[in-house]
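A short reminder: the numbers here are calculations on the coordinates, not readings from a lab. These numbers come from a predicted model, not from an experiment. As a convention, Cβ positions derive from the backbone with ideal geometry for all residues, glycine included, and neighbour counts pool all protein chains shown.
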Amino acid sequence: MNKVSERLVNGIVKENPTFVLALGMCPTLAVTTSAINGLGMGLTTTVVLTLSNLIISLLRKVIPNRVRIPAFIVIVASFVTMVQLLLQAYLPSLNSALGVYIPLIVVNCIILGRAESYAYHNPPIPSFFDGIGMGLGFSIALTLIGMLRELLGAGELFGARVMPASFVPINIFIMAPGAFFVVAALTAVMNVVKEKMAAKGKDVSKFGNGCGSECASCDLACGSRKADFVPAEAEKGGRE
Amino acid sequence: MSEQVYHVSSNPHIRSKVTTSSIMLLVLIALLPATGFGLWNFGFRALAVVLVCIGSAVATESIFCIIVKKKQTVKDLSAVVTGLLLALNLPVTIPLWMAALGSIFAILVVKLLFGGLGQNFMNPALGGRCFMLISFPTAMTAFSTDAYTGATPLAVMKNGGSVNVMDMIIGRTSGTIGETSVIAIVIGACILLICGVIDLKIPASYILSFACFVLLFGGHGFDPAFLAAHLAGGGLMLGAFFMATDYVTSPITPMGKIVFGIFLGIMTGIFRIFGPGSEGVSYAIIIGNLLVPLIEKVTVPTPFGFTKKKTAKGGKQA
């Protein structure tokens, strides 16, 4: 059970795909014009990520090393197709809002990154929860970004007007430059919080060291790696 | 005991009296005619906009320096210049909180977050203005005041109307606070040129290449009135003399300055004549700013005593 919670914390906080690993920036910047779009994109990715992690982990002994990337893509693409058909059937408005970014989940580097660096080398249960953790981290990040952009750029939250009528929306925040501003600001806040915690002598091992690289593929003794995290098992192929 | 005490110090032994703050002070003095004309033209509210912009720019820089525990840099007056330039680029009807927000953005995001004066890759005042143009398109193009109602001369021309060039040169038109009077801007520019603060290369190549572009592609043939109106209208003069020449964001090589000016002229022409809007100086200059490192790289002059390398692998030739 320890492994499960460790994976969840790892995905949501320590190696948050958006704010720490800076992966999957294309959907992060493109679809977060509103909170609901960010949440929708995040949850869609979570579903695909979790299921593909599970299947890849189950098939990790079967998939030959040399053709692993095409094999991953086939698995991921199957799930993306299923999810898209479901969205078209039950949430057509979200589907049209997210547009081309749903099919593009196939090449989302969080999903390929987790398949390559975690699921391919680890048993199904931890891989499943790794997918959930990473997916939730991504969803939380996207929803936060979407909320801030919607609030400043349109004066609304989840489509409901929250700012007073006299508030003039700062349009730039729902346009492309605003995405960069908000992502940069939130990443900076995250780093400050981590530094403050480290300064107070709290257990920062849970929160990474802010070096930006992935702890799983790092041999440095920075102390942020858990004792039960065996590098040999976790990291054979490495991220190439 | 007539032993002489020698002070041994490392070079440089001759120091110039020119400092950042003395240059910025000269720029402020040079901007006074344009500011004064703006105040006379648009009335008391223009003063409020100018004061809010300068005040929030200075306050932002000062508070930022305190928060990040850096040496206080307000005294170099660059924040005052940025605030004033931004104010001169705003319409007089702009809500004051928008002016303050633009000013804070210019100083905080465009200048300080990239390392402060000397490290910013883009002219802060223009960055702030473009932020506001994108954010508040309606308020930024509302040029109706008590003194003048209706569109700016360039917008009138865009829609096929005719304008009075003499009024544009004196400045009795609608527009942003500081851009209307060509005479006032040129007086300020002369102060800067005489004091050696700016070099004529950038403004001259900018204005000339823009004039050529308008003559070639303006669709009016060789029409002096049309050309004069384009040269006197909008932010061209203010931009060419005060913003394109910003030390930090313009090339330092002589050849680079000319290339930079020509690029700005062509971009401004494209934006004004083929673009949907009637103005293009701000966007042309900030796009030009982004190309400055590249321009400097390809225009490094040959030092005295060296000959130009024939090939890339020519090596050092004495």
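Show me the ranking of peptides A:2-14, A:19-31 by mean Cβ neighbours inside 10 Å, starting with the highest.
Peptide ranking by packing, descending: A:19-31, A:2-14.
For A:Glu116, A:Glu156, which order do you get if you count the other beta carbons within 10 Å of each Cβ and list the fewest first?
A:Glu156, A:Glu116
Taking beta carbons within 10 Å but only from partner chains, what does the mean come to for residues B:132-139?
4
Positive end of the charge dipole of segment A:3-199 (Lys, Arg +1 and Asp, Glu -1 on Cβ, about the Cα centre): tell me which of A:Gly99, A:Gly113, A:Val162 has its Cα farthest that way.
My answer, from the dipole projection, is A:Gly113.
Can you tell me which of B:93-104, B:116-127 comes out highest on packing, and rank the rest after it, using the mean Cβ neighbours within 10 Å?
My ranking of the peptides, most packed first, is B:116-127, B:93-104.
Where the eigenvalues come from the Cα gyration tensor of segment B:1-57, what are the semi-axes √(5λ) of the equivalent ellipsoid, largest first, in whole Å?
48, 12, 9
Along the three principal axes, how long is segment B:172-292 when you take its alpha carbons, biggest first, rounded to the nearest angstrom?
36, 31, 23
Per residue of B:166-178, how many C-beta atoms from partner chains lie within 10 Å of its own C-beta, taken as a mean?
0
For B:Ile170, B:Ile202, what's the fewest-to-most ordering of other Cβ within 10 Å of each Cβ?
Fewest to most other Cβ atoms nearby, the residues stand as B:Ile170, B:Ile202.
Which of the three applies to segment A:159-204, rounded, prolate or oblate, going by the alpha-carbon gyration tensor with a ≥ b ≥ c and a/c under 1.5 meaning rounded?
Verdict is prolate for segment A:159-204.
Would you calculate the convex hull of the Cα atoms in segment A:28-84 and tell me its volume per residue in Å³?
83
Taking square-rooted eigenvalues a ≥ b ≥ c of the alpha carbon gyration tensor, is chain B rounded, prolate or oblate, where a/c under 1.5 means rounded and, failing that, a/b exceeding b/c means prolate?
Oblate.
So how do B:Tyr206, A:Tyr90, B:Tyr6, A:Tyr120 line up by other beta-carbon neighbours within 10 Å, fewest first?
B:Tyr6, A:Tyr90, A:Tyr120, B:Tyr206
On a 25 Å Cα-Cα criterion, which of the cross-link pairs A:Lys3/A:Lys200; B:Lys71/B:Lys257; A:Lys200/B:Lys69; A:Lys14/B:Lys70; A:Lys196/B:Lys75; B:Lys111/B:Lys297 come out too long?
A:Lys3/A:Lys200; B:Lys71/B:Lys257; A:Lys14/B:Lys70; A:Lys196/B:Lys75
With +1 on each Lys and Arg Cβ and -1 on each Asp and Glu Cβ, and nothing else charged, work out how big the dipole of segment A:3-199 is about its Cα centre, in Debye to the nearest 20.
Dipole of segment A:3-199, to the nearest 20 debye: 440 debye.
Just need log10 I(q)/I(0) for segment B:47-94 at q = 0.26, 0.30 Å⁻¹, Debye formula, equal scatterers on the alpha-carbon atoms, no solvent, rounded to two decimals.
-0.86, -1.02
Could you sort A:44-51, B:7-14 so that the peptide with the highest average Cβ count within 10 Å comes first and the rest follow in order?
Output ranking for A:44-51, B:7-14: A:44-51, B:7-14.
Kirkwood Rh and Cα-based Rg: tell me the resulting Rg over Rh for segment A:3-199, rounded to two decimals.
Taking Rh as the inverse mean 1/r over Cα pairs, Rg/Rh reads 1.01.
For Cα pairs less than 8 Å apart in space and 6+ apart in sequence, what is the mean separation divided by the residue count of chain B, i.e. the relative contact order in percent?
The normalised contact order for chain B reaches 17 percent.
Assign one of three labels to the protein assembly as shown, namely rounded, prolate or oblate, based on the Cα gyration tensor with a ≥ b ≥ c the square roots of its eigenvalues; rounded applies when a/c is under 1.5, prolate when it is not and a/b is larger than b/c, and oblate otherwise.
Note, shape of the protein assembly as shown comes out prolate.
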